[in-house]
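Chemist: Sharing a structure below in structure tokens format, with a few things to ask.
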Amino acid sequence: MWLWFSKLGSPKWFYELSGKWLPWLIGPMALLLIVGIIWALLFVPPDYQQGNTIRIMYIHVPFASISLAFFPLMALAGTITLVWRMKLADIVAKTAAPLGAWFTALALASGSIWGSDIWGTWWIWDGRLTSMLLQFFLLIGVISLRSALEDAEAAAKACAVLSIVGCINVIVIKYSVDWWNTLHQPSSPFSLSNEAPNPPEVWIPLVIMIFAVYLFFAVSLILSMRNEILVRERRSEWVQQLVQAT
Amino acid sequence: MFDLIQFSSVGEFLNMGGYAFNVWLVYALFAMFFSVNLTYPLIRKRQIVLEQKRRLILNKEIVSQNEDNNEVDNLTFRVGEGT
Amino acid sequence: MSIKRTTTLKAFQATLRRDLLIAYKRKNEVVNPFMFFLIVATLFPIGISPEPDRLSEIAAGVLWISTLLASLLAMDSLYRADYEDGSLEQLLLAPHSLYFMVLAKNLAHWLISGLPVVLVSPLIGYMLSLPAESFGTLFVTLLLGTPVLSLLGSIGVALTVGLGSRGLILAVITLPMSVPVLIAGTMAVQQTLNGASLAGYLAIMGAMLLASISLAPLASAAALRISVN
Amino acid sequence: MKSHRKERLSIIVFITTGLSLAIGLTLFALSQNIDLFYTPTQVAQGEVETGQRIRIGGMVKDGSLRSANDSLRVQFATTDYINDVTIHYEGLLPDLFREGQGIVVEGAIDELGVFQASRVLAKHDENYMSQEVKAALDAAGVSAENHLLSSQPET
């Protein structure tokens, strides 16, 4: 177990293994994405209130749900960096931050476009929206702190601390702004406890899209992690061999 | 299966019940984000590999030049450092 | 150990006294954020409208934002001078837990930069035609909120203390984290104006204060160890 | 090493006390009823002063919507099925706006006791269904309004 753990921390091992994983992630991702998008665009019945804007949900909800995972992920990676000094954890933390900013931005943009129709406004200082925006700012803070600190190890640890603090703060922000102002509907697109549960033709494609976007996140994270590994390990034997082989 | 399609014509599909702009905008953003996010790391990887390759070649040249004559070529050295 | 060690409490007091003394000697560090607060608060009536009705609506928000900006400006003096003359390193090497030392420094910093702003806030509130019944609430919420701003800012400063140009990064890190305080503070004032019960808001601010007193020095201490080495 | 341990213990005690007090205060705060929106009943009971900017959450009352022919001016009533508040608004209404829809209006009450809205927002719930399902539900007597009411925890 311990051996496996320390092995996982080795960038070289991860690089080799992730190379094998990638096709198995990209394949299902493409499949789910194609099925999900066609289903969402063509087969989902228009909502009785929102009509065809419901199709925006199939992009917005997956992105919004994964955006919430970034701070916990970075805080977890940061804790591992601080406690066990695992190299790979910091690579995850470093590559996740910009991806998180992009995912959050897309969740905000799609939500804003959706809101422009159904709420009657592009932007409102609603609890959800505001906390997402602030999460976006905090992610930018983590990214800029990383780029400002020149010493890579100090940057890794500083970002780890900031991610942990930020994670707590994102939770507090979420509660405080919810309490401040809320228009956003509760996020239970497939809660079955409602008196009128959402029908399967609405939630099945949504589940498909959520899995597709999660896989997409995994693929893009692994791709940028591999690049980061190549840059960090550029002086090592195995990277030089790999470079010469191409 | 095809009778479950919610639109009766291509025009109606594109129109999205009057919400064409917003629905298609979101899907276009998604497509853009998706393709950029997959292609950018691949381009970046090629860049990194090329850069490393150049560096390796330069290092080799420096080493071989140093073997030829002990005088180090200033210019090559600077290029080697710069990359 | 044969060397007699002072107690943590004594070391806490010594650090507090030292920081207050330094601030007393370098008066501009105390005066500048305070002046900044006054000037920012003055700009709002000029920039928006001198009309009392309009001003009274935004007065609480203006005061909170000015306080936030002033505390951000004051942050610069928290660890920087100590970092530059090496006394921060001494503090790290001292046999006492950094946690309480950081807490002492934050307390000193709040006494120097936060408290004057709180004390003068009713006056500025009056100038911004804030309704008189909310002066008390404003005062109490600022009293509860400004230490939180100092404690959160301390984490940001500790993370960036080694950087040459850090003004913008500090703002990007600190300001989003201060939002909950801002929300609770302004809403409490609003609540008084609506004549509703304040207990919930004050309890929330108290909770934020206690949570940040107990957790923020932990993060600041960790950040200082990273930045200084 | 003894004093070192003692110091560590004091930190832990300090943090635990601080955090438990903080949690206690938070629980207390949550037990307090904090108003985000006013209901039409609260407005009718005079809890809101003239000119005070507030938000009202409620349903659009059936058959209350009247719009001017030459402008975007509309008048409607928002209700919580106990009391109504008359609302005047000039501007584009959101697409979801219809009678029976849950809405949020921002604005203030003027001297005549009419609520002048500066903004009307439709509040959508998390239930999605197709027109056919909606029709079937209506036929079965489960009205969408009940369902909207049950998912309106704002007040």
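The values are calculated or read from the model by the stated rules, or taken from the named source; none is laboratory data. Fair warning: this is a prediction, and the values are worked out from it, not measured in the lab. Cβ: placed from backbone, ideal geometry, glycine included. Neighbour counts: every protein chain shown.
Chemist: Go over the candidates A:LEU215, A:LEU230 one by one and state the one that is at the interface with chain B (Cβ under 9 Å from one of its Cβ atoms) and assigned to a helix (DSSP H, G or I).
Modeler: The match here is A:LEU230.
Chemist: Shifting gears a bit: Consider C:ALA60 carefully, then state whether it is more than 22 Å from C:LEU170 (Cβ to Cβ), out of contact with any Cys (no Cβ under 8 Å at 6 or more places or on another chain) and buried (at least 21 other Cβ atoms within 10 Å of the Cβ).
Modeler: It is true that C:ALA60 is more than 22 Å from C:LEU170 (Cβ to Cβ), out of contact with any Cys (no Cβ under 8 Å at 6 or more places or on another chain) and buried (at least 21 other Cβ atoms within 10 Å of the Cβ).
Chemist: Scan region C:27-41 residue by residue and report those that are in contact (Cβ under 8 Å) with a residue 40 or more places away in the chain and of a type outside the set (Phe, Trp, Tyr).
Modeler: Scanning region C:27-41 gives C:GLU29, C:VAL30, C:ASN32, C:PRO33, C:LEU38, C:ALA41.
Chemist: Here's a follow-up. Quick one: is D:ALA144 surrounded by 14 or more Cβ atoms within 10 Å (Cβ to Cβ), at pLDDT 80 or above and either closer than 23 Å to D:THR41 by Cβ or more than 7 Å from chain A (Cβ to nearest Cβ) (or both)?
Modeler: No, not satisfied.
Chemist: Follow-up question, since we're still on this one. Across region C:155-208, what is the total count of residues that are assigned to a helix (DSSP H, G or I), of a type in the set (S, T, N, Q) and within 9 Å of chain D (Cβ to nearest Cβ)?
Modeler: 1
Chemist: Restricted to region D:76-122, and to residues that are more than 15 Å from D:PRO40 (Cβ to Cβ) and among the polar types (S, T, N, Q), which residue is nearest to the other protein chains (Cβ to nearest Cβ)?
Modeler: Step by step, filter region D:76-122, then rank; the result is D:SER118.
Chemist: Still on this model: Check region D:44-55 and report whether any residue there is more than 14 Å from chain A (Cβ to nearest Cβ), touching a Phe, Trp or Tyr at 6+ places or on another chain (Cβ under 9 Å) and either at pLDDT 75 or above or within 28 Å of C:MET205 (Cβ to Cβ) (or both).
Modeler: Yes: region D:44-55 contains one or more residues that are more than 14 Å from chain A (Cβ to nearest Cβ), touching a Phe, Trp or Tyr at 6+ places or on another chain (Cβ under 9 Å) and either at pLDDT 75 or above or within 28 Å of C:MET205 (Cβ to Cβ) (or both).
Chemist: For region A:62-82, enumerate the residues that are surrounded by fewer than 23 Cβ atoms within 10 Å (Cβ to Cβ) and in a helix (DSSP H, G or I).
Modeler: A:ALA64, A:SER65, A:ILE66, A:PRO72, A:LEU73, A:ALA75, A:LEU76, A:THR79, A:ILE80, A:LEU82
Chemist: Regarding region A:126-141, can at least one residue be identified that is within 14 Å of chain D (Cβ to nearest Cβ) and either among the charged types (D, E, K, R) or surrounded by fewer than 21 Cβ atoms within 10 Å (Cβ to Cβ) (or both)? Write out each step before concluding.
Modeler: Restricting attention to region A:126-141, the residues satisfying the condition of being within 14 Å of chain D (Cβ to nearest Cβ) are A:126-130.
With the extra rule that they be either among the charged types (D, E, K, R) or surrounded by fewer than 21 Cβ atoms within 10 Å (Cβ to Cβ) (or both), the set shrinks to A:126, A:128.
Yes, because at least one residue in region A:126-141 is within 14 Å of chain D (Cβ to nearest Cβ) and either among the charged types (D, E, K, R) or surrounded by fewer than 21 Cβ atoms within 10 Å (Cβ to Cβ) (or both).
Chemist: Report yes if some residue within region A:83-95 is of a type in the set (Lys, Arg), surrounded by 22 or more Cβ atoms within 10 Å (Cβ to Cβ) and in a helix (DSSP H, G or I); otherwise report no.
Modeler: For region A:83-95, residues of a type in the set (Lys, Arg), surrounded by 22 or more Cβ atoms within 10 Å (Cβ to Cβ) and in a helix (DSSP H, G or I): present.
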